[in-house]
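The values are calculated or read from the model by the stated rules, or taken from the named source; none is laboratory data. Predicted model only: the values in this text are computed from it and were never measured. Neighbour counts run over all protein chains shown; Cβ positions are idealised from the backbone, glycine included.
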Amino acid sequence: MPRFVSITKAALFANVQVKEIQGKINSKILSTTRGQIHLDDLVECYPAVLIEEADMLLLVAKIKEESFAVGAAKQHGEVTYSTLKEELVKQKINANYYREQSQKFEEIIFQLRENLEVLQQKMGESQRFEGLIHWMDQRLKEIRRND
């Protein structure tokens with residue numbers, strides 16, 4: 001969080017006019033860096049300034065700026081860091097879901113294969129059973145390869 005504020009915001013936080021802040025700067029009571037006043041210097045000069053409120057106002061301003069940037073980026077079709085981060089979280093959730101589903105399907109195919117082998121042994125040799133078992137072995141290999 002930036003600890004520097006503009007002269008206008010400093011006047012707002014101190015509940016004084018901008019002229020008074022300018023006067024303090026001109027008389028070297030307040031110092032500026034690139035036209036910005038450090039909050040600690042402002043509090044030292046104006047002890048009544050509630051730094052927590054100033055921090056909250058700065059946070060609100062930052063949120064507004066970020067939301068504007070996101071809105072502008074969406075308008076121009078650009079991708080922002082926050083939207084990328086949200087998308088990554090969604091994709092991780094989806095990946096975990098599909099990984100679980102894949103494991104369930106692997107278990108089902110494996111059980112079917114075992115049951116077909118038992119059935120084949122009971123009914124005798126059959127090319128159909130061998131074909132089904134081979135097909136299931138192929139599916140199991142594909143599932144394991146995609147994990």
Which one is nearest to Ala95 (Cα to Cα) among residues in the stretch 107-147 that are in contact (Cβ under 8 Å) with a residue 40 or more places away in the chain and assigned to a helix (DSSP H, G or I)?
Asn146
Condition first: in contact (Cβ under 8 Å) with a residue 40 or more places away in the chain and small (Gly, Ala, Ser). Now tell me which residues in the stretch 80-106 satisfy that.
Ser102
Matching residues in the stretch 1-45 (in contact with a strand residue (DSSP E or B) (Cβ under 9 Å, 6 or more places away or on another chain), loosely packed, with under 13 Cβ neighbours inside 10 Å and small (Gly, Ala, Ser)) number 2
Condition set in contact with an Asp or Glu (Cβ under 9 Å, 6 or more places away or on another chain) and in a helix (DSSP H, G or I), scope the stretch 61-87, selection modelled with the lowest pLDDT: answer is Ala72
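If the requirement is being outside the structural domain of Arg139 (by TED's automatic domain parsing), modelled with pLDDT of 80 or more and in a loop (DSSP other than H, G, I, E, B), which of these qualifies: Ile37, Ile25, Ile29, Ile21?
Testing whether each residue is outside the structural domain of Arg139 (by TED's automatic domain parsing), modelled with pLDDT of 80 or more and in a loop (DSSP other than H, G, I, E, B) leaves just Ile29.
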